[in-house]
Amino acid sequence: MRDRSADRADCYLNNSSYKNDVNYTLEMCRWVMRPIGIWSFVYNRISRLEKLVSIVMMTMCFSDLLFSIIPPGHYLIFVEKNMYVTVKLLGPLGFCVSSLIKYLYLILKGNVFKSCIIHVERDWQTVVDERYRQIMLRQSSISRQLITLCAIFLYSGGMSYHTIMPFVSKPKMRSNVTLKPLIYPGYDTFFDSQASPTYEIIFSMHCFSGFIKYSITTAAYSLAATFVTHICGQVQIQIARLENLVENIKENTRLNPVAVIVHEHVEILRFSKNVEEALREICLTEIVESTFILCVLEYYCLLEWQNSDVVAIFTYFMLLISFTFNISIFCYIGELLTEQCSKIGPAVYEINWYNLPSKKAHDLVLLSVISNYPPKLTAGKIFTLSLNTFSSVMQSSVIYLNLLRTVMT
């Protein structure tokens, strides 16, 4: 049977359902990125009104993030002298700073993300064989499940920290007066943060900044999951083509099946390189952030255990589980990319290559050799994202926790 999707090397065919397929693949990314104004920077078919709305949303998000960083940062550096309070502020403030850095990278890398999305759309438009389309749909379903799990863990743990914990944990006192709870202190230097409606405005902005930060992190996860699972789908399609290679050559199809497979493999490698280039700085920020945040969250859990604050313990433990799960998913995505791309070599050997003409069989050698060097998702070209990296992050967080406990005692 002739491989119709192989016509991509010759002409540009249309998948009649490609618009629905693309929408299904990118829907989760769009939902997460539109509220923080990033979608118009990574997607090419955007109206002027949508771009204007995105700029307004970005201005609001940047302003809110800076509002949650500058006054608390000033308080942390110049006002607060208690080491325990300083450590308690380092975690939330560090997460704010890392979220701002990831936000900037998502915007600055917009053109690279845009080219990756165009590549995904082109792959959907050119697939015609229903078997290959089903492979791509399965991978899209996996990416949606991963994104959903990440969002559930991040939003549930993070938003409870911003909304529930301040009111149900032990109240703070100052001069025998119970203070209204705020996630980030330091605003009394500029105005009375306890007065109404100033307090309500600050608290609302803190909640909104929490939503922004967890949306930024989820947006980074959604892009990584969408692109990597798409690559995995393309690799599985190439393996399916290899399994039908002998039959296709015997049928003397118009196109050279080996040339089509090699061409598509090169496209996969190019797309993988673009994805790695787009995500490397974000991945590095995520690795450093996770190591630091996991360390301080572990310390907060121990500290609140001594204080017998059940609500704080539960909230910090939820955050610890959320960040642990999400960095594990990020590392799993990198592991998945390398594992899937390395399967092409064994697939080449497992087909009935000995039934091919000698020249055709010889052409497969290079394909097998290249697959021994699969693409990798790196963190700033320093770390390779894999399950071993996740193990290193967890070990490092425990080491830094012991160091922090030693310093604090």
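Before moving on, here are some points about what is shown:
- Inter-label distance for ILE55 and SER368, nm, one decimal - labels placed 7 Å from Cα along Cα-to-Cβ: 5.7
- Hydrodynamic radius (Kirkwood) for region 52-205, which is based on Cα pairs only, to one decimal in Å: 19.4
- Carbon/sulfur fraction of accessible area - the chain, other protein chains in place, 1.4 Å, %: 63
- Qualifying GluC sites (Glu not before Pro) for region 330-409 [loop in DSSP, other Cβ within 10 Å: at most 15]: none
- Most mobile of PRO166, PRO72, PRO346 in a GNM of the chain (Cα contacts under 10 Å): PRO346
- Take the chain with all the other protein chains still there, run a 1.4 Å probe, and you get 47 Å² of accessible area per residue.
- Between the Cα long axis of helix 387-408 and the first principal axis of the chain there is an angle of about 10°, rounded to the nearest 10.
- Between helix 18-33 and the chain there is an angle of about 20 degrees, using the helix long axis and the longest principal axis of the Cα atoms.
- Note on region 33-57 and region 318-376: Cα centroid distance 35 Å, given to the nearest whole angstrom.
- When the convex hull of its Cα atoms is viewed from all sides, region 208-307 shows a mean projected area of 9.9 nm².
- The share of alpha-carbon pairs in region 50-96 lying farther apart than 16 Å comes to 48%.
- Spin-label model, MET159/GLU243: points 7 Å from Cα along the beta carbon direction are separated by 4.2 nm.
- Among ILE261, ILE107, ILE70, the largest mean-square fluctuation in a Gaussian network model of the chain (Cα springs under 10 Å) belongs to ILE70.
- Length gained on full extension, VAL168 to TYR354, computed as 0.36 nm times the residue gap minus the Cα-Cα distance: 59.8 nm.
- Rounded to the nearest 10 degrees, the inclination of helix 257-307 to the longest alpha-carbon principal axis of the chain is 20 degrees.
- Three-way shape label, region 9-114, alpha-carbon gyration tensor, a/c 1.5: prolate
- Estimated FRET transfer efficiency (SER328, ARG48; beta-carbon r; R0 35 Å; 0.05): 0.30
- Placing +1 on each Lys and Arg Cβ and -1 on each Asp and Glu Cβ, with no other charges, gives the chain a dipole about its Cα centre of roughly 380 debye.
- The Cα-based radius of gyration of region 362-409, divided by its Kirkwood radius, gives an Rg/Rh of 1.37.
- Each peptide among 211-222, 48-59, 364-375 gets the average number of other Cβ atoms lying within 10 Å of its residues, and from highest to lowest they stand as 211-222, 364-375, 48-59.
- Take every pair of alpha-carbon atoms less than 8 Å apart whose residues are at least six positions apart; their mean separation over the length of region 15-62 yields a relative contact order of 33 percent.
- For region 273-409, the calculated P(r) over all alpha carbon pairs, in 5 Å bins from 0 to the bin holding the longest distance, is 2, 10, 15, 15, 12, 10, 9, 8, 6, 4, 3, 3, 2, 1, 0, 0 percent.
- Highest mobility in the GNM of the chain, judged by mean-square fluctuation with C-alpha springs under 10 Å and restricted to THR178, THR315, THR378, is found for THR178.
- Here the convex hull built on the C-alpha positions of region 277-323 has a volume of 50 cubic angstrom per residue.
- Sorted into 10 angstrom bins from 0, the C-alpha pair distances of the chain split as 4, 20, 27, 21, 14, 8, 4, 2, 0 percent.
- Shape category assigned to region 96-162 from the gyration tensor of Cα positions, a/c cut at 1.5: oblate
- Spin-label pair SER115/ALA259, simplified geometry with 7 Å Cα→Cβ offset, distance in nm: 2.6
The values are calculated or read from the model by the stated rules, or taken from the named source; none is laboratory data. Since we're looking at a predicted model, the values are computed, not measured. Neighbour counts are summed over all protein chains in view; Cβ atoms, including those assigned to glycine, are modelled from backbone coordinates with ideal geometry. Keep in mind that these areas ignore ligands, DNA and RNA; they rest on the heavy atoms of the full protein, side chains included. Shrake-Rupley method; radii C 1.70, N 1.55, O 1.52, S 1.80 Å.
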